[in-house]
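J.: Here it is, the structure, as structure tokens.
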Amino acid sequence: MAAPPLAVLHAEAAPVLDLLTVPQVMARLQLGRTAVYDLIRTRQLASITLGRARRIPTHALTNLIRTRLEQDAA
């Protein structure tokens, strides 16, 4: 049995990093644009800038929700 090419192994090992736009985050959280940018400004929601575009990793959105749920449970 032949081993898969090295490129295939490397691609499978790398985690997929999905990036969301601000409007996508607005829709998922059902918040307005200002509220989302306030979360970014206060570093409650991590983001990156690519050129002039702001992108939010899906894991950052998940972390925000998890943190808020834990705070509400405490």
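Bear in mind these aren't lab numbers, they're just calculated from the coordinates by the rules spelled out. The shown structure was predicted, so the numbers you read here are calculated from the model rather than taken from an experiment. Because the Cβ atoms are built from the backbone with ideal geometry, glycine has one as well, and the counts that use them run over all protein chains shown.
J.: Between the DSSP loop rule and a limit of at most 11 other Cβ atoms within 10 Å, which trypsin sites (Lys or Arg not before Pro) in the stretch 14-74 are left? Spell out each step's value before the answer.
T.: Numbers: sites: ARG28, ARG33, ARG41, ARG43, ARG52, ARG54, ARG55, ARG66, ARG68; in loops: ARG43, ARG52.
Answer by residue number: ARG43, ARG52.
J.: Still on this structure, please answer the following. Taking 1 over the mean of 1/r across every pair of different Cα atoms in the stretch 11-74, what Kirkwood radius in Å do you get?
T.: Its Kirkwood hydrodynamic radius stands at 12.6 Å.
J.: Please report the net charge: other residues with Cβ closer than 15 Å to the Cβ of ALA53, K and R +1, D and E -1.
T.: +3
J.: Taking 22 Å as R0, compute the FRET efficiency from the Cβ-Cβ separation of ALA73 and LEU17 and round it to 0.05.
T.: 0.20
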